[in-house]
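K.L.:
Supplied in structure tokens, the structure appears directly below.
The values are calculated or read from the model by the stated rules, or taken from the named source; none is laboratory data. Every value quoted in this text rests on a predicted model; they were computed, and no experiment measured them. Glycine also receives a Cβ, built like all others from the backbone with ideal geometry; neighbour counts cover every protein chain displayed. Just so you know, the surface numbers come from the protein's heavy atoms only, side chains and all, with ligands and any DNA or RNA stripped out. Shrake-Rupley method; radii C 1.70, N 1.55, O 1.52, S 1.80 Å.
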Amino acid sequence: MRQEEAGFRPDINGLRAVAVIAVVLFHFRVAGFGGGFVGVDVFFVISGYLMTRIILGPLAAARFSVFGFYLARARRIFPALAALCALLLLFGWFALSPMDYKLLAKHAGASLLFFSNQVYWKESGYFDADAHEKWLLHTWSLSVEWQFYLLYPLLIVAAHRLFRQPGGVAGALWAVFLASLAWSAWLAFANPAKAFFLLPTRAWEMLAGGLIFVHQGACNRLARGHRWLEPAGLAAILTASLIYTADTPWPGLAALLPVAGAMLVILDSSGRTRLLGGVAMQGIGRWSYSIYLWHWPVVVWLHQSQSPRNGAWIAACMAVSILLGWISFRLVEVPARRFVSRFRVAPALVVCATMVLLPFAAAALFHYNTDRLTQLRFRDHPRLADVRALELFQARYFSELYKPLYRKEVCFLKPEQSHAAFAPECTGQQGGIVLWGDSHAAHLWHGLKMNAQPGTVTQSTASGCPPLLNETFAKRPHCPAINDWVLRTIRETRPSIVILAGSWVKNDEQVIRRGLTATLSRLQTDSRSQPRIVLVGSVPAWRRPLPRLLASDFLVGDEQARSRNGLDKDMHGRDALIQELASGRAEFFSPISATCNDDGCLRYLVRDGERVPFAFDYGHLIEESSVMVVDALFRQLGETPSSKTVAKP
């Protein structure tokens, strides 16, 4: 992502601008750019080309230094990243709750040691914190690049010494390229999170750029006189940005389109460009690394504090991202590069290491001494005990409590499980109730268990699989088979009630419309079984995990049990959509209507004198809230709700 001083190429610099613009448009959710994430893949191609050029040129002249290579990379990467992390830690000290600050410190440390891609991969479970809770999520790509930088020169030097033939290095790179591409193509479906974040499935993109330099002579001959290559390459990148979505399996074979586009743009080593040489594109290209660093924290701030769908705010924040990138380039990147260049290799490496180790030490201190530092920050605060209780509450739910509550891996399937994994105890008596959907169906199980007659409820729920027939979900390959199986089971068991529920705010409106229409039609076509069909609308959904939101609000004195602060504005639209689709075909039940009023939505309940959040993340219910919602559902259906005691609002 960084400009090389020697052999500067305007075409590559302009392509950096294209890449960072695509990423910024995607992250700010500008309409039409649902595939703008391909900008990162373009960056990888550029890095691979430049690194290969930097290594092979000196290697052929017998003057390549591995440590010199590491120093050059550190000099360009470390200063701006260290400055970003240090400033975010300073900002967080004053602006974030203890829970949020601890997470920021953890991610800052991982980013500065360049293993944040591993951290985010391991955090990428279904109930993981929303992306907009992670101020440094975008540093995963820097970690991938740095890991590549550490290994790549060793691979080339080893191949050069082992084969000692002109084609030896090329053969080694082709072998690794093909192996990585094949692994990426398979893993993008088998384990999407692992494929997305880890180096082995990303290496082929960087090697694609490297292979251009290895075959530079042939590429120059191919490019000679073909002025259409640059516009064709840019068209490929633009097409990928427009047609791909977050559900596209990535970075498998679909990534060949933007990667090939980037390769076409940089194919000719002359660096001539007809489309990317303008002042604006060249300027953004020079600042692209810092723009990339700063734009995501601005996105997170926008999502947490303003309306992320307000056009004026989006435009202003994109402009701020570019401004911060320019400031970082001028005040951090350039001066730091000049400063480090004064030293020889060994002391320069020490200086670069110090740049990242100092903020890393601060991050580690903040993360592993949270209680002491929290006491220092919020000395004698009357709600500090409540905030700590919220942190423990959320940690326990994520680690253990939700698993038996949702019957994980038994009746609430993981992404890698298919319908054969449903246990016998998931099936209730014939003529009973069937609960069908994703986690937003699974969180109703406890309430149904407390309200319905024992053994009458069948739970057929799976992670990320809403009850939408004929729809596919790239990160949940078993969903179509699971939903088809549930429909067959309903026809065989002839239940009296079928409850359909899903995480509607997390799914596209058109997908919901198509899928639910198909589901309702199929349920109604079987003349032998005509169950009461209940469509459950959206639960109250929050832009941030509710325990974190409550922790922040308690510290500033907002202790209202009901509030509109932090609500996801999409939830009302999705609720109206579900009600519209239910009209004339099913009964509609709205958890929002049951738990919200003019003052806002219920945020916490009182259990044994302790305030517990209504949901343990953005909207997944706890035991008491599940019982409360199902009580309201049974009252609407004319059933007798449970008489068991629940927590009070």
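K.L.:
Could you compute the FRET efficiency for ASN470 and ARG607, with r as their C-beta to C-beta distance and R0 at 45 Å, rounded to 0.05?
P.N.:
Taking R0 as 45 Å, the efficiency between ASN470 and ARG607 is 0.60.
K.L.:
Could I ask something else about it? Mean separation of Cα pairs under 8 Å and 6+ residues apart, divided by the residue count of segment 532-625: what relative contact order is that in percent?
P.N.:
For segment 532-625, the relative contact order is 42 percent.
K.L.:
Each residue of segment 315-331 in turn: what ³J(HN,Hα) in whole Hz from Karplus with 6.51, -1.76, 1.60 and θ = phi - 60°, glycine and Pro shown as x?
P.N.:
For segment 315-331, the Karplus curve yields 4, 5, 6, 5, 5, 5, 4, 5, 4, 5, x, 5, 4, 4, 4, 6, 9 Hz.
K.L.:
I would also like to ask the following. Quick one: work out the % antiparallel among DSSP beta bridges in the chain, nearest 5.
P.N.:
40
K.L.:
Tell me whether segment 153-253 comes out rounded, prolate or oblate; compute the Cα gyration tensor, take square roots of the eigenvalues as a ≥ b ≥ c, and use a/c under 1.5 as the rounded threshold.
P.N.:
Judged from the Cα gyration tensor, segment 153-253 comes out oblate (a/c at least 1.5, b/c at or above a/b).
K.L.:
Further, regarding this structure: Output needed for segment 21-102: three equivalent-ellipsoid semi-axes, defined as square roots of 5 times the C-alpha gyration tensor eigenvalues, in descending order, whole Å.
P.N.:
Over the Cα atoms of segment 21-102, the semi-axes work out to 34, 23, 7 Å.
K.L.:
Between beta-carbons, use under 12 Å as the cut-off and find the net charge around ALA260, counting Lys and Arg +1, Asp and Glu -1.
P.N.:
Net charge in that neighbourhood comes out at -2.
K.L.:
Enumerate by residue number the chymotrypsin sites (Phe, Trp or Tyr not before Pro) in segment 5-63 meeting two conditions: DSSP loop (anything except H, G, I, E, B), and at most 15 other Cβ atoms within 10 Å of the site's Cβ.
P.N.:
PHE8
K.L.:
Another question, if that's okay. Compute the acute angle (0 to 90°) between the alpha-carbon long axis of helix 570-582 and the principal axis of greatest extent of the alpha-carbon atoms of the chain; round to the nearest 10°.
P.N.:
Taking the Cα atoms of the chain, the angle to 570-582 is about 50 degrees.
K.L.:
Taking the chain as the reference, fit the longest principal axis to its C-alpha atoms, fit the long axis of helix 279-305 to the helix C-alpha atoms, and give the angle between the two in degrees, 0 to 90, nearest 10.
P.N.:
Helix 279-305 and the main axis of the chain meet at about 20 degrees.
K.L.:
Assuming a ≥ b ≥ c are the square roots of the Cα gyration tensor eigenvalues, decide whether segment 204-348 counts as rounded (a/c under 1.5), prolate (otherwise, with a/b larger than b/c) or oblate.
P.N.:
Verdict is oblate for segment 204-348.
K.L.:
Applying a 10 Å radius around every beta-carbon, put 398-411, 137-150 in order of their mean neighbour count, most first.
P.N.:
Per-residue mean Cβ counts within 10 Å order the peptides as 137-150, 398-411.
K.L.:
Right, another one. Residues with beta-carbon under 13 Å from that of SER184, excluding SER184: net charge, scoring Lys, Arg +1 and Asp, Glu -1?
P.N.:
Around SER184, the surrounding residues sum to 0.
K.L.:
Another question about this same structure. Kindly express, to the nearest 10 degrees and within the range 0 to 90, the angle between helix 509-525's C-alpha long axis and the longest C-alpha principal axis of the chain.
P.N.:
40
K.L.:
Still on this structure: Rounded, prolate or oblate: which fits segment 276-340 when a ≥ b ≥ c are the square roots of the eigenvalues of the alpha-carbon gyration tensor, with rounded for a/c under 1.5 and prolate only if a/b beats b/c?
P.N.:
Cα axes put segment 276-340 in the oblate bin.
K.L.:
Given 25 °C and 0.890 mPa s, how large is the Stokes-Einstein diffusion coefficient of segment 129-173 in µm²/s, with Rh as the Kirkwood radius over Cα pairs?
P.N.:
Result for D is 192 µm²/s.
K.L.:
Applying a 10 Å radius around every beta-carbon, put 96-102, 416-422 in order of their mean neighbour count, most first.
P.N.:
96-102, 416-422
K.L.:
Summing Lys, Arg as +1 and Asp, Glu as -1, what charge do residues with Cβ under 11 Å from the Cβ of CYS596 carry, CYS596 excluded?
P.N.:
Value of the local net charge: 0.
K.L.:
Just need the relative contact order of segment 16-67 here, percent rounded to a whole number, with Cα pairs under 8 Å and 6+ apart.
P.N.:
It comes to 30 percent, rounded to a whole number.
K.L.:
7 Å from Cα along Cα→Cβ at both ASP247 and ASN310: what's the point-to-point distance in nm?
P.N.:
Distance between label points: 3.0 nm.
K.L.:
How fast does segment 277-432 diffuse by Stokes-Einstein, in µm²/s, taking the Kirkwood radius from C-alpha pairs at 37 °C and 0.692 mPa s?
P.N.:
Here the translational diffusion coefficient equals 151 µm²/s.
K.L.:
Tell me the mean residue ellipticity at 222 nm calculated for the chain from its helices only (DSSP H runs of n ≥ 4, each -39500 (n - 2.57), averaged over every residue, nearest 500).
P.N.:
Rounded to the nearest 500, the figure is -19000 deg cm²/dmol.
K.L.:
Extent of the chain along each principal axis, from alpha carbon coordinates, in Å, largest to smallest?
P.N.:
Principal axes ranked by extent give 84, 62, 46 Å for the Cα atoms.
K.L.:
Ok, one more. Of all accessible surface on the chain at a 1.4 Å probe, what whole percent is carbon and sulfur?
P.N.:
After summing per-atom areas, the C and S share lands at 59 percent.
K.L.:
Turning to a different aspect of this structure: Identify, among LEU199, TYR152, GLY57, the residue whose Cα sits farthest towards the positive end of the charge dipole of segment 57-207, taking +1 on the Cβ of Lys and Arg and -1 on the Cβ of Asp and Glu, with the dipole about the Cα centre.
P.N.:
Going by the Cα projections, it comes out as GLY57.
K.L.:
Still on this structure: To the nearest 20 Debye, how big is the dipole of segment 365-407 about its Cα centre, given +1 on the beta carbon of each Lys and Arg and -1 on that of each Asp and Glu?
P.N.:
Around 80 debye, computed over segment 365-407.
K.L.:
Give the Rg/Rh ratio for segment 307-380, taking Rg as the radius of gyration of the Cα atoms and Rh as the Kirkwood radius, to two decimals.
P.N.:
Value, to two decimals: 1.18.
K.L.:
To continue, here is another question. Would you work out which of SER503, THR595, ALA518 lies farthest towards the positive end of the dipole of segment 500-649, given +1 charges on the beta-carbon of Lys and Arg and -1 on that of Asp and Glu, about the Cα centre?
P.N.:
ALA518
K.L.:
Quote the FRET efficiency, to the nearest 0.05, computed for ARG227 versus PHE8 with a Förster distance R0 of 22 Å and r equal to the Cβ-Cβ distance.
P.N.:
With R0 = 22 Å, the Cβ-Cβ based efficiency is 0.50.
K.L.:
Quick one: accessible area per residue over the chain, 1.4 Å probe, rounded to a whole number of Å²?
P.N.:
Solvent-accessible surface per residue comes out at 41 Å².
K.L.:
By average Cβ neighbour count within 10 Å, what is the ranking of 530-537, 241-248, 195-202 from highest down?
P.N.:
Highest-to-lowest ranking by the protection proxy: 195-202, 530-537, 241-248.
K.L.:
Follow-up. Could you tell me what % of all Cα pairs in segment 366-506 have separations over 24 Å?
P.N.:
Result: 41 percent of Cα pairs exceed 24 Å.
K.L.:
Using the beta-carbon distance between ILE327 and ALA576 and R0 = 45 Å, what value does 1/(1 + (r/R0)^6) give for FRET efficiency, to the nearest 0.05?
P.N.:
0.55
K.L.:
Could you work out the Kirkwood radius for segment 442-599, taking every pair of different alpha carbons, averaging 1/r and inverting it, reported in Å?
P.N.:
After inverting the mean inverse Cα-Cα distance, the result is 17.2 Å.
K.L.:
Now for a different question. How high is the relative contact order of segment 388-466, in percent, counting Cα pairs under 8 Å that sit 6 or more residues apart?
P.N.:
Once divided by the residue count of segment 388-466, the mean separation gives 34 percent.
K.L.:
Each label point is 7 Å from the Cα along the Cα-to-Cβ direction; what then is the distance between the points at ARG344 and ALA319, in nm?
P.N.:
A separation of 5.1 nm, rounded to one decimal place.
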